[in-house]
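The structure appears right after this line, and notes come after that.
The values are calculated or read from the model by the stated rules, or taken from the named source; none is laboratory data. Note that this is a predicted model, so its numbers are computed, not measured. Reconstructed Cβ throughout: ideal geometry from the backbone, glycine too, with neighbour counts over all protein chains shown. The accessibility values were calculated without ligands, DNA or RNA, using every heavy atom of the protein model including side chains. Shrake-Rupley method; radii C 1.70, N 1.55, O 1.52, S 1.80 Å.
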Amino acid sequence: MTSKHDAFDTKVRLRRYDRRISRAKAHAREELDSFGWSKHKYYKLDLWPRAPYRTAPRIDYDTVDEDDFIRHFEEPGVPVVIMGATKSWDAAKNWTPEGLLRDFRNEKYKVGETNKGTTVKISMKYFLHYALTSKESQKDDSPLYIFDSRFADKTPTSSSSSSHSRKKRKRSRSTSSHRPRNLRDDYEIPKYFRDDLFALTGEKRRPPYRWIVIGPARSGTGIHLDPLGTSAWNAVLTGHKRWVLFPPTTPPHLIEPRNLPDHEASSWFAHVLPTMYVVDGEGRTLGERLGMIEIVQGPGETVFVPGGWWHVVINLDYTTAITQNFLSFTNLDSVWLRTRDSRPKLARRLLQRIEELATPLSRSTKPKKRGKEGEELHAEFYARCRDKIRALRMVPRVPPSSSSSSSSSSSSSSSGSDESSGSE
Ligand SMILES: O=C(O)CCC(=O)C(=O)O
Ligand SMILES: [Fe+2]
């Protein structure tokens, strides 16, 4: 970022920036003092893959239709990179540092959580200065990372109190076609992922499901499974992410050894990835034996992560992305069982909504605007969902302690408390 975009040209502002970042860091990683943030010197590592690796297939968004996607990737649970799904998105032009600063400079975004689960937030202007201009993020082992599920609640109009940006906004409103916007309107859910049954439980009740993700090199997400067995898509607008994925059957202790210094992605890449390339007596690597897949994802590429796949993700440079988790007809069995066992109230609500929609002739649920045929199609779909759930009735319940948190990601576990802490 050039000084044109930089609000930190005076000593007073710089001091304020320093204070805000130090505070956020102290809260987001309470176990570290200020030197602890760069003690491993991971900035010296070259994290771009240098040797050939087994990767996921790449498909073209315009030529693969929904049915083919389900048949070849979603149903068999095959990770895939989709090229071109973001082509028409406004995010591609609006989520530049300039665009984010113009509209959201004083909005606060989540960068972590305290040990007690309180959300740690920082305003966009400080975060971008940290990520793009400051020297410190270039040395931090695992830099601060915006990972915010509440981005759609933030509107540019509620942002600034500083005269600097008020003036700027006034000027830009009168001279350009700029209008206040919501980041949610800057992207469109790719066609393969539009069925999302959790939507039936209502925006307020459903678990957090979408995140804007912005961070410098070496920020990332430690190895995890996505919450409740949901699948996910993750689209990069700027920069590059390196992914390592393992199939659902992988024994956890092999991919997350106990002696790691922390759960950060950078520690995983520094200490665990090399073990995946050690060749055994039969000339095979552990990564090969486990079915490990690696992806380097660039701008305009969307990664599909099937439910149950372990993954760890590190940003190779300054990266902006959007990611959403979803419950579809295809992953309904496994997500239903996990939801039933760890979020019983949510599961009851979901089943109730599915049952209502499966019987459209009942007076209370008759869709108002849909024609007869659409109505029946619709009902038939929900009836199939209901039947899938009914068929699982005899599957024994798993006690809550073993089904709930062990498998959640940093994003999902932090977002889990999004709901409960009420601090955003
Ligand atoms: O982009 C990333 O850091 C990975 C995100 C992710 O895997 C998640 O949100 O579950
Ligand atoms: Fe994930």
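If you take the beta carbon distance between E75 and K11 as r and set R0 to 56 Å, what does 1/(1 + (r/R0)^6) give as a FRET efficiency, to the nearest 0.05?
Values: r = 59 Å, r/R0 = 1.06.
With a Förster radius of 56 Å, E is 0.40.
For H253, the solvent-accessible surface with a 1.4 Å probe is about 130 Å², rounded to the nearest 10. Enclosing the Cα atoms of the range 199-340 in their convex hull gives a volume equal to 131 cubic angstrom per residue.
Subtracting the Cα-Cα distance of T114 and N259 from 0.36 nm times their residue separation leaves 49.9 nm of extension gain.
Quick one: net charge around G215, please, counting Lys, Arg +1 and Asp, Glu -1 for every other residue with C-beta under 14 Å from its C-beta. Intermediate values should be presented prior to the final figure.
On the way: positive: K25, K110, R218, K241, R242; negative: E136, D140, D141, D148, E264, D317.
It works out to a net charge of -1.
Please compute the length gained on full extension between D65 and D18, using 0.36 nm multiplied by the number of residues separating them and subtracting their Cα-Cα distance.
Details: separation 47, 0.36 × 47 = 16.92 nm, distance 4.93 nm.
Gain on extension, D65 to D18, equals 12.0 nm.
For the range 237-323, the set of trypsin sites (Lys or Arg not before Pro) satisfying both a DSSP loop assignment and a count of at most 12 other C-beta atoms within 10 Å is given as R258, R284. Ranking of F147, F35, F193 by solvent-accessible surface, largest first: F35, F147, F193 (1.4 Å probe, protein heavy atoms only, all chains present).
Say each of D333 and M394 gets a label point 7 Å from the Cα, pointing the same way as Cα to Cβ; how far apart are those two points in nm? With each label point 7 Å from Cα toward Cβ, the separation is 1.4 nm.
What's the FRET efficiency of K41 with R348 using the Cβ-Cβ distance as r and R₀ = 41 Å, to the nearest 0.05?
Details: r = 51 Å, r/R0 = 1.23.
E between K41 and R348, to the nearest 0.05, is 0.20.
Simple point charges give the picture: +1 on the Cβ of Lys and Arg, -1 on the Cβ of Asp and Glu, and for the range 67-134 a dipole about the Cα centre of about 560 debye. For the range 210-300, a crude dipole built from +1 on the beta carbon of Lys and Arg and -1 on the beta carbon of Asp and Glu, taken about the Cα centre, is about 240 debye to the nearest 20. Computed from the Cβ-Cβ distance with R0 of 45 Å, the FRET efficiency linking T275 to T359 stands at 0.25.
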